[in-house]
Structures are given as structure tokens and as C-alpha cells.
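The block underneath contains the structure these notes are about, expressed in C-alpha cells.
Only the coordinates and a few stated rules stand behind these numbers; no lab work does. In this text, all values refer to a predicted model and were calculated from it rather than measured experimentally. All Cβ positions, even for glycine, are placed from backbone atoms using ideal geometry, and neighbour counts span all protein chains on display.
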Amino acid sequence: MNIQIVARILVKALMALPAPDFNLCMFLIPEKLQMEEPFLTLITLAHFLETARFRDFWDEAERNRQILEVVPGFEQAIQRFALHVLSLSYQRLPRLVLAEAINMEGLSLDKFLEHQVVNNGWSVEKAPGGGQIIGLPANEHNYPELKKNIADSIPLEHVSKLFPVLT
Amino acid sequence: MAYESSSYGGGYDDSYEERPELRYGRDAEQQEPDYDTNFVPDAVQSFVVYLYRYIREKNVYEILQMYELNFQKLSERMFKQSPWPAAEAIAPYVDNDHVFCLLYRELWFRHVYARLTPTITQRMDSWDNYCSLFQIILHGNVNMQLPNQWLWDMIDEFIYQFQSFCQYRAKLKTKTEQELALLREYADVWNVYGVLNYLQALIEKSNIIQILEDDKDGGTNFTAQNGYDFQGGGSNVLKVLGYFSIVGLLRVHCLLGDYYCGLKCLLPIDIHQPGVYSNVVGCQITTVYYYVFANLMLRRYVEAIKACNQILLIIHKTKQDHQASSQFQQILKKNEQLYALLAICLSLCPQGKLVDETVNSQLREKQGEKMLRMQRNDEAVFDELFSFACPKFITPSPPNYDELVNYNQDAYRLQLKLFLSEVRQQQLLSSIRSYLKLYSAIPISKLASFMDVDEPTLRLYEDGSSYL
């Protein structure tokens, strides 16, 4: 078994979050192997991501660059995932939390925020006591009113099948 | 090897039940169990003669009677603790027909697995028999109509013996030198690739996926005729084996822990509609059971609950019909396992509306107390139910024959461990979930004060929960 290839597949699986690819791969790797490197590191990283411990994740990732940088686009994929998680939970959040989650600070974060404000409907306000509060666009997860309640409604196609019988 | 329709002079009124030895009463045939596998008692002789004739006549109804009832009756009466006579011994009575002998041998081995413990040589010989049988079906021109029950049982047994072999192979502690030598030498026997290849070959050669596609537009009537082929003396064997192999692949992939792949293999069959699979009770239950299990492991709880509900209702309604069948015990066992799976799914993902009232009341009766404990995050109950309900996982690769340790539990332990870590993750979230249900928007500080944790920890829980 080629450990390098398996490790790369697992990195790609991490990038696929929130899809369950990583967990599915875990089912197929024997227990003994999972306790060796590089699998142990990858499992730890996956655990951090799943429990949203972004700070711990980026720290650990920094310590293990050599495993991760073989797959291009890793950082962007994880940032995308982090943003996804944040947009599900928050309507508004402090800048510090955002920075920690996507591992950006200073000028690059400012540029990023500008880009989002212009293109994706974010908002940036001044918080009382310094710092910034970022407002995230509304979606059905962070604004429950927007969630369409389809539980009790029956789609039209199903009802239309009854019409010939009713008349 | 083609069977032409009847040129045999017997006639249809000469049925198995009317044969002479029965007229003198059943006890006329009572014998001591005989371990001489070359001795063929009269009862067995008539059995094979009639079975051979019915197969040549393509009399599916009679074949099914012989297969379902008479084989079991004779096994019960005469071969409770011993094998049937060897195929070589009965061959003269059936014109030494090669295919019939392969079929007979398949039944022979099945009997050994069911009533006795197969030796390593018998396990390997059974593999050879399956290889020969499948080769003939794939490449020869087999022209027979066999009952779907038999064809399903063939695939079912094939995978069961594979599973059994993997378990056997991994128990190295008690192996003799001779057994180890055989295992090392014949690495091809019951090799995972071999098994998967045969199932895949049956699917491809029979073109069953295309047939099922055409069925939907009414191009073919495979489903309408329940797989049988009555036009022009056709044969249902290859097609139906191909069909059941689809379910076979789902099962094998689940045993290996590859749930996503298993579900992909099942795609050609729509389990929300009746089909050929639903006409063989063992097949239907097996298919839905593995479907439910795969969805559970993929965290698709809602889908698993729906399918569980569907099959439990069906079992409930049709249980009585199968009381006499040899499969009844199996059906009952799967019923209990499915209730356990349903209990797990509902504890991880409460969905009151999806479960039928009948099923719900049975569930509360069987698993009510356990469900309460699971809702209180009692991990031991999850462990217990999972271990009861899960299939017997296998490790596909051969073990290291030099280390005489038992490996057979490894696959199961891995799946259990991963499952329990999933469960643990979900535990953290149930309390947050209940608060979030009340509030459409809540500042983190307020939520933190409710839950009595500090803010950063709460952020973690929160982010984790919304992601899941």
C-alpha cells in the first residue's frame, strides 16, 4: 500500500468538507495504520475542523506543512469551509473570530473584507470599545425565519395526480 | 449445456410426492445417519432423479417445491449430522450431467455450512465449485429456468461463505501447520478481488443494468415477469443472478466498510418501488437492511429511518406467511436488528413524524428503555445496540501468517470505534440544539450564561453544531 498516495487522498478529503469524505476514508483504513504518521496528524486535523477549533487547526497545520502543501489549493479550501461554518452560525461576529477562523490578519484580511462587502453582501461596523463587527448575509441557517417550512406542504405534482380521480 | 424441453418420457402426472417409497409410509426410509458419502439412499436417489427431470422440463413450480421443501425435509430426516451423498455418487442417476452436479454440489456445501463445520479443504473445494458454476453460467450457454429463491440463495450463500472464510482465516491462534500452509499456498481462494469480480462479471454479462433501465420505459418486461423468461424457451439464470449480484455488491462493500460505494452499486434498483427483489423475502430484507446500515454510517439518518420504517412494516404484515419457511429464524433476527438500528437513528436524529404507529409501538416495547438511556448520552447502550445490529465486518487482506494472533475482530472494532466517536460528537450538541430551537437569534454571551460555559468554548460547540 502506498502511504504517500493514501495521505494525499486524505488531504483532498479534508478539502472536501463539509462532505463526509474524510470519515468514509477512515472506515477503510485499518486501525493499526491509523495510529502511525502521517495518518495520526491528518486525523487530528480533521478532528479540529469538525469541532470548529480553527485556531488549533491552523497551528497544527503550520507545524505539518510538508504533508499538506503537496496538494495545491489546500488553504483556500479550508478557508472556504471555515466561512461556510461561520455563515451557518452567525448573523454578526467580531473580526477577531473571523480572523482566527480563516487564518488571515492585517492587510490581507482588510482586503478580503472589502472584497466580501462589495461582492457578497457583507457589512462591517465599528464595535463599541474598538474593533470591528462583521455582519454576514442572511441565509436560511442564521435567520430561521427565512427557512422555508416544507414539512406540511404537499408539492403540486403529487396533488395533481389526484385530479383525474376527483372529477 | 442446454436443456431441451421435455423429451423425457415421464409425463407430468408422475410427481415427486407420488413416488413408491412414500406409499409405504415415511418410516420405511428411516436410517441411521450414514457417513459413507458414496452410499446413496433410495430417497436421495429419487430426489435427484425428479429434480433433474423438473429442471430439464423447466417446471419452475416443482423445482421450487423440491428445493424449498423436500431438500429441507430430507436433510432434517436423514442428514441432521452428516453430509449428503457425494456428487460423484449421485451422478450416474442424472446422466452424469455436469451442470446438475455443480448445482447439487452447491447444495451439498450449503448443507455442510448449515449443519456441520466445514474443514479448510471443504471451504476451498466450495470456492472451486462456485468458480466452475459461475464460469459455466457466464461463458457457457446455460438454458434453464430456476426459481428466483434458489438463485438469490446462491448469491447469498456465496457471500456468506466468503465472509465465513475471512473470519476463519483471521483466527490464526488455533491453526495447524497444515492449515497455515494451505492458506499461504492458495491465496486465490476466496480472495476479495475474486469475489468482487464474479459479482461484477454477472452484472456485466447479463446486461442487467441496461435491462432495468429499459424496464422503466416499458422496453423490456423483466420486472413484470419477475425475471422469468417465457418467450422461446429462454433462461432466467444469468439475468436474475446479475440482478441479485447488485444486492450482493452492496452487501460486500458494507462488510468492507465502503458504504458510499455500496450505495452506488445499489442505484439501479429502486427500493422504494416493488421489483424482483421484493418477491424473494430474504432478498428484500437483506437489501433494505444493508441500505439502512450504509445510510446510518453515512450519517444520513432521515433516509435510514424512512427505509427502516418501510421494511419493518412489511415484515410485520408478512411474518405469518413465512413461519414454515427455513428462513423464518433469519427473518426474525433481522427484524430485531432493524429495530435496534431504528432506535439508534432516532436517538441521534429525532424525527417523530417519519415512523408509522405500528412500528413505533413495537419500537417502544423492544427498545424503549434503551432509547431513554441513549437520549441521556449513555454510550454503553450505543455500543451494545451497534454491536448487536451490525453486520459481521471483514478485513479483505490476508493476515500476516507469521503472527499467530486472532485478527477476526479487527474490522468490527474499527467500525465500532468510528461509530462511537460520531456519537460522542453528537452528544455535545444536543443541549445547544434545544436552546437554538427556542431562539431565532441569540448573543453568544447569553447562550453561554444559560449553558454555564465560557464564551470561547461555546463558540466551538456552536460552530461545530451548525456544521453538523
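Near the amide H of B:Asn406, within less than 5 Å, lie the amide hydrogens of B:Leu172, B:Lys173, all on another chain or at least 5 residues away, with H placed in the peptide plane.
A quarter of the convex hull surface defined by the alpha-carbon atoms of region B:308-424 gives 9.5 nm² as the mean projection. Projecting label points 7 angstrom from Cα along Cα→Cβ for B:Asp214 and A:Leu40 puts them 5.8 nm apart.
Full extension of the chain segment joining B:His316 with B:Asp378 gains 19.4 nm, where the gain is 0.36 nm per residue of separation less the Cα-Cα distance.
Spin-label model, A:His47 to B:Phe39: label points 7 Å out along the Cα-to-beta-carbon direction sit 6.5 nm apart. Would you tally the net charge around B:Gln330, using a Cβ to Cβ cut-off of less than 15 Å, leaving B:Gln330 out, and scoring K and R as +1, D and E as -1? Combined, the nearby Lys, Arg, Asp and Glu give 0.
Across region B:133-142, coupling constants 3J(HN,Hα) worked out from phi with the 6.51/-1.76/1.60 Karplus curve, θ = phi - 60°, read 4, 5, 4, 4, 5, 6, 10, x, 10, 6 Hz, and Gly and Pro carry x.
Given 0.36 nm per residue, what is the gain on full extension from B:Tyr160 to B:Gln425 after removing their alpha carbon distance, in nm? Don't skip to the answer; put the middle values down first.
Working: separation 265, 0.36 × 265 = 95.40 nm, distance 3.40 nm.
Length difference between fully extended and current span is 92.0 nm.
The simple Förster model, with R0 at 41 Å and r as the Cβ-Cβ distance, assigns A:Ser108 and B:Lys417 a FRET efficiency of 0.55.
Under the definition of partner shielding as Cβ atoms of other protein chains within 10 Å of a residue Cβ, what is the mean value for peptide A:23-32? Before the final figure, lay out each step's value.
Working: counts 7, 9, 3, 6, 13, 7, 2, 7, 7, 2.
That works out to 6 on average.
Among the chymotrypsin sites (Phe, Trp or Tyr not before Pro) in region B:158-195, those placed in a DSSP loop whose Cβ has at most 16 other Cβ atoms within 10 Å are B:Tyr186. Remark: spin-label model distance B:Ser326-A:Arg92 equals 7.3 nm, labels positioned 7 Å along the Cα→Cβ axis. For A:His84, project a label point 7 Å along Cα to C-beta. Then give me every residue of region B:274-309 with its amide nitrogen under 18 Å of that point. Once the point is set 7 Å along Cα→Cβ of A:His84, B:298-301 turn out to lie under 18 Å by backbone N, inside region B:274-309.
Can you tell me the length gained on complete extension of the stretch B:Glu177 to B:Phe388, counting 0.36 nm per residue apart and subtracting the Cα distance? Mind dumping the intermediate values first?
Working: separation 211, 0.36 × 211 = 75.96 nm, distance 3.40 nm.
Full-extension gain reported as 72.6 nm.
Counting Cβ atoms of other protein chains within 10 Å of each residue's Cβ and taking the mean over peptide A:45-51 gives 3. Residue by residue, region B:380-389 carries 3J(HN,Hα) couplings of 4, 5, 4, 4, 4, 5, 4, 5, 6, 8 Hz when phi is fed to the Karplus relation 6.51 cos²θ - 1.76 cosθ + 1.60 (θ = phi - 60°); x denotes Gly or Pro. Counting Lys and Arg as +1 and Asp and Glu as -1 over every other residue whose Cβ lies under 13 Å from the Cβ of B:Ser397, the net charge comes to +1.
Taking θ as phi - 60° and the Karplus parameters 6.51, -1.76 and 1.60, the scalar couplings of region A:64-76 work out to 10, 4, 5, 6, 8, 6, 5, 9, x, x, 5, 4, 4 Hz in sequence order, x denoting glycine and proline. Do the alpha carbons of any pairs in A:Lys32/B:Lys392; A:Lys32/B:Lys171; B:Lys306/B:Lys370; A:Lys32/B:Lys333; B:Lys173/B:Lys366; B:Lys58/B:Lys333 sit beyond 27 Å of each other, and which pairs? The pairs that break the limit, which is 27 Å between Cα atoms, are A:Lys32/B:Lys333; B:Lys173/B:Lys366; B:Lys58/B:Lys333.
Checking every one of the trypsin sites (Lys or Arg not before Pro) in region B:337-426 against DSSP loop status and a limit of 15 other Cβ atoms within 10 Å picks out B:Arg376, B:Lys392.
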